[in-house]
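The values are calculated or read from the model by the stated rules, or taken from the named source; none is laboratory data. Here the structure is a predicted model, which is why all the values come from computation and not from measurement. Positions of Cβ are generated from backbone atoms using ideal geometry, with glycine treated the same way; all protein chains shown enter the neighbour counts. To get the accessible areas, we keep the full protein, side chains included, count just its heavy atoms, and leave off ligands, DNA and RNA. Shrake-Rupley method; radii C 1.70, N 1.55, O 1.52, S 1.80 Å.
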Amino acid sequence: MISIHNLSKTFYAGRREIRAADDVSFEVAPGEVFGLLGPNGAGKTTMMRMILGLLKPDQGYAEIAGHRSDRQPDEVKRQVGFVSAAAGVYQWLTGREMLGFFGEIYGLSESDVDLRVKELSSILDLADFIDQGCATLSTGQKQRLSLARALIHDPPVMILDEPTLGLDVIGSQVIFNYIDILREREKSIILCTHRLEQAQRVCNRFGLMHRGRKVLTGSLEDLQKQTGRSDLVEMFIDLIENSNVAPVQQV
Amino acid sequence: MSHNDPPNPYAQSKKSPRTRFRLTRLAQKELKETLRDRRTIVTLVLMPLLVYPTLSLIFKTFLLSNAALFSGGEAPEIRVVYSGNVSRAEADFVFLQIGERIKFMDDKAAKKEGALLQLDDPNGTENSQSMGSGLRISGLQPEEFSEGFPPWYRMKWQFISEDADPSLIDYVEAGEADLGIIFELNDPTRKRLGDFTVVSRQDAFSLATADHLAEQLEKANLAYREVRLRMAGISTEPVVDVDRQLIGPAVEQTSSSAFPLASLVPLILVLMTITGAVYPAIDLTAGERERGTLETLMAAPIPRVGILVAKFIAVLTVAIFTALLNLIGMFVTIWVFQLDQQFGGGIFDFRVMVQIFLLLILFGAFFSALLLAVTSFAKSFKEAQVYLIPIIILSLGPGLMAMAPGMSLDGVNAVVPMVNILLLARDVINNEVILVPSFVAVISTLLYTYFAICLAARIFGSDSILYSGDGSLAEMFQRPMRANVVVPLMATLFCLVMLFPLNFLSIGFLGRMPAETTAELSLRYLMMGVFTFLAFMVLPALVARHQHTPLMSGFGLRRPRVVFLLAAVLLGISLWPLVMTMTEGWHVVYGFLFGSEKQDQWHAKLIETTSEQVARIRMVSPLVIVFAFSVIPAFCEEWFFRGMLLRSLLKWNSVWKSILISAMVFGSFHVLSNSVIALDRLLPSTLIGVMLGYLAYKSDSIWPGVILHSLNNGIVVFLAYYQPTLSSYAWFPGEEESIPRLWVVAGFVVAATGIILVRYSMRASALPENSSNATLTNGDVL
């Protein structure tokens, strides 16, 4: 469903050259949650933006449902629901109006939108605040609304960039529970998160990134075999500490 | 969609019939967003409520006091002090007598004209004049002026005794009175009333009132004479009857008034419309990024043009609301403060109101698009505000320009944004609309609007705006790490922006150089070459160096194939008759658009300036001419326009788009670098620009262009240079004649051969190809 082919991207900040993505490839099948993990600045967000076609890669391409994001960006976007921690809401619209607006953008009919909003609002528990102005919502409510917004067109692919950032335990729980539901519905999901325990629970496969490179890939068992560590937190710490001894690449 | 995907009912509605309505729904969302924001409403409603009363007060106090007296409207009171070698009672008696005689004459005149004289309107306003030295010399209080004498309602009178200190003259000089009358009663028989001396200051108001009073006093003499003649039984029938007839609309009255309200009204309305549109424009573009909704929006499968058009509709709607409210506010103010009586009632015409409103919509559309294009650049609210302030101040320029009394809606004015709309609005108020230029103004404004929206759609949400650097100065002048094959577009645009003031600087500098003798002129032309060299060749080269771009690839310096050189020579010698024919054609078009009278004026001006230039050129050695007009401009302009600019453009745009853009820039520079009168060069220069662009693209080199350009320039300038000699040959057309048909045909054939050569030659390959998805990006910067 999702296949990433040799994506590379370099940024230039002043005299520094930053390899945000360095020849990264992976695939995600339907019904699979791929955990794209790594410390801050590993290049995860850049990866997601390139997959969506928001950022032009220097090399390589992403393919979603048979469409290349550099050639048919609109087709790709139609297949993807995108949630990011930085995503805002329209403060002067109500939740329902905002969902309606995005339904409109994705080409849904009004009755379809109504149906979807009803469905999503029961699963994500939006009913209490869906008719309030977005400016008045709490962080958790906003994030649930963002998730509903990304799901309004029922896309086969979800890209979730830190969907639980700033949420409390209950709030994150709602989101992760829903990710479970999405997996059951055979969606292909890329999930970026720092909540490693949760990731360990919901993801089928992982890709650990560091300094733009994909360092480790595989299921939890694969990773355990490769590293000799039992859980993700330990792997993570190893990864960062090791790289401090021998920096991966600095140009 | 590939066949192995599960069908997605929501993902296929691209061609659904609902797409048509989508735009209105998108616009609805944008409008909801804007109109629920109280800040929009505040600027929308509060501004007209505050601005117009304030403005009208300013009018009343400052502007009208001057304007009224000279425009024949209501005049303020005139304070008169009088004095004489008699008592006050005697003096008053004399004035009453004079007053009766004046009335007698006025009544007689009124009977004859069938109308009352307007001057003596009993409703004086409460304004008083505070001219003169302003030194208060004694307690001469306003209430001490008496009501005065029958025909002089607007004058307030105050008697000063002859030996008083301060004297009558002191009062007038100090400005406590506007006018003084001293009279001497010498005739004890009282047949003569006496000698009058009217005392006034030298300022306009005092002089005007003195003239008026002297005229009135003169009537007393006429009345006296007539009575005497009648008493002697002599007929007073005049030998000549003098009548006056006024024809045509009363144009002079409005435009000669001290303040051109007809120009001011549109300017105020336009500025107010801008204020309404500014906030939504920022909020819907830069605000979108600041709130973090931009990325989400960009992740959706909707063309940016759609989003931008929706935003444009929203901003325009707010602008129209603002315009409407302002229009209402202005008319209410005019009505309440009775300003219409000061300026004539033309503004109250319903038809005029509707037309002005339509013009405001047009202007609102133009400015909304412009605002969106500018604010789309911005990454935050603050940044957008920083961009907009200069835009608004710059737009005051054309606004004030349009207020200048001599301006008319024709020629270049009809296509200058903002100026054209303001002039059109002025003409609407004055009821002087001329069809064709108005049409040109409307069409050009619509075109600008379209381009601004396209630009905005291109910029809005491009990844350089979505994910860009810190916006520091250091970042802007950062040297890139990697070598570039061509100069990055941003750096090229920087060059272009710098060329604009440099150009003006050099024109100014050259204009100050002496140009009388041959030596002085030669020096001036050589300096012109130096400037061209510095601006078009050295500056771009430095920028390219800074951008790690080799000159060879960045400017296209490689050796071209011989076939392109041949084509360049063919085109270089054959284009000029075609250009000249085109210029003549343009004259005809100009005449059609703006009337034959304008065309003749313009043509005469053109010939005058051209022959001046030619006379100067002929003073200088041909060697200087070759350098200053042919070789240097050809090389430098090719270096920049076809070297740097075209090659930068080609990297991110399609071939023809790049060639067209570079040609249009090239064409406009040729208009700007001369006077505005050189508008006739726009089309030919642009077309030659296309030619040169195509040649540079196919040959991947600027050298053929340099040859074409210098040949063409050289031929044109030397034809003028040697005209006197050449004209002595029978086959050569005279100064005022147009070029022979045969020459045009020959030029066409040779040029066509050149073009065919270029067209069917293989393109040299090393020129940067445009990448598959063209987006405006400076992706090298994080």
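Listed values, structure above:
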read-out: Subset of the stretch A:166-207 [in contact with a Gly (Cβ under 6 Å, 6 or more places away or on another chain) and farther than 19 Å from residue A:79 by Cβ]; value: A:167, A:171, A:199, A:203, A:206
read-out: Scan of the stretch B:380-399 for residues that are in a helix (DSSP H, G or I) and among the polar types (S, T, N, Q), ordered by number; value: B:385, B:395
read-out: Residues of the stretch A:48-95 satisfying the condition of being within 9 Å of chain B (Cβ to nearest Cβ) and of a type in the set (D, E, K, R); value: A:49, A:56, A:58, A:70, A:71, A:74, A:75, A:77, A:78
read-out: Condition met for residue B:377 (of a type outside the set (D, E, K, R) and surrounded by fewer than 16 Cβ atoms within 10 Å (Cβ to Cβ)); value: no
read-out: Members of the stretch A:160-183 found to be acidic (Asp, Glu) and within 14 Å of another protein chain (Cβ to nearest Cβ), listed by number; value: A:161, A:162
read-out: Search result, residues across the stretch B:743-756 that are under 16 Å from residue B:699 (Cβ atoms) and either open to solvent by 50 Å² or more (accessible area, probe 1.4 Å) or more than 45 Å from the chain's Cα centre (by Cα) (or both); value: B:755, B:756
read-out: The lone exception for residue A:110 - which of (1) at pLDDT below 90; (2) within 7 Å of chain B (Cβ to nearest Cβ) it fails; value: (2)
read-out: When residues of the stretch B:551-607 are limited to those that are among the hydroxyl-bearing types (Ser, Thr, Tyr) and surrounded by fewer than 19 Cβ atoms within 10 Å (Cβ to Cβ), the one farthest from residue B:762 (Cα to Cα); value: B:596
read-out: Where residue A:143 falls short, out of the listed (1) within 11 Å of another protein chain (Cβ to nearest Cβ); (2) closer than 28 Å to residue A:29 by Cα; value: (1)
read-out: Among (1) in contact with a Phe, Trp or Tyr (Cβ under 9 Å, 6 or more places away or on another chain); (2) surrounded by 20 or more Cβ atoms within 10 Å (Cβ to Cβ); (3) within 24 Å of residue B:357 (Cα to Cα) - the single one residue B:286 does not satisfy; value: (3)
read-out: Qualifying residue in the stretch B:198-208 (condition: outside any helix (DSSP H, G or I), within 16 Å of residue B:95 (Cα to Cα) and either open to solvent by less than 70 Å² (accessible area, probe 1.4 Å) or not assigned by TED's automatic domain parsing to the domain that holds residue B:102 (or both)); value: yes
read-out: Single residue of the stretch A:27-36 satisfying the filter (touching a residue at least 40 places away in the same chain (Cβ under 8 Å) and open to solvent by 10 Å² or more (accessible area, probe 1.4 Å)) that is nearest to the other protein chains (Cβ to nearest Cβ); value: A:30
read-out: Selected residue (criterion: modelled with the lowest pLDDT) from residues of the stretch B:405-432 that are open to solvent by 40 Å² or more (accessible area, probe 1.4 Å), touching a Ser or Thr at 6+ places or on another chain (Cβ under 8 Å) and in a loop (DSSP other than H, G, I, E, B); value: B:405
read-out: The listed residue being modelled with pLDDT under 80, open to solvent by less than 100 Å² (accessible area, probe 1.4 Å), under 29 Å from residue B:315 (Cβ atoms) and more than 14 Å from every other protein chain (Cβ to nearest Cβ), out of B:54, B:61, B:43, B:19; value: B:43
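Residues are listed down the side, and each one gets a yes or a no for (1) surrounded by 14 or more Cβ atoms within 10 Å (Cβ to Cβ); (2) at pLDDT 85 or above; (3) small (Gly, Ala, Ser):
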| residue | (1), (2), (3) |
| --- | --- |
| B:281 | yes, yes, yes |
| B:320 | yes, yes, no |
| B:335 | no, no, no |
| B:342 | yes, no, no |
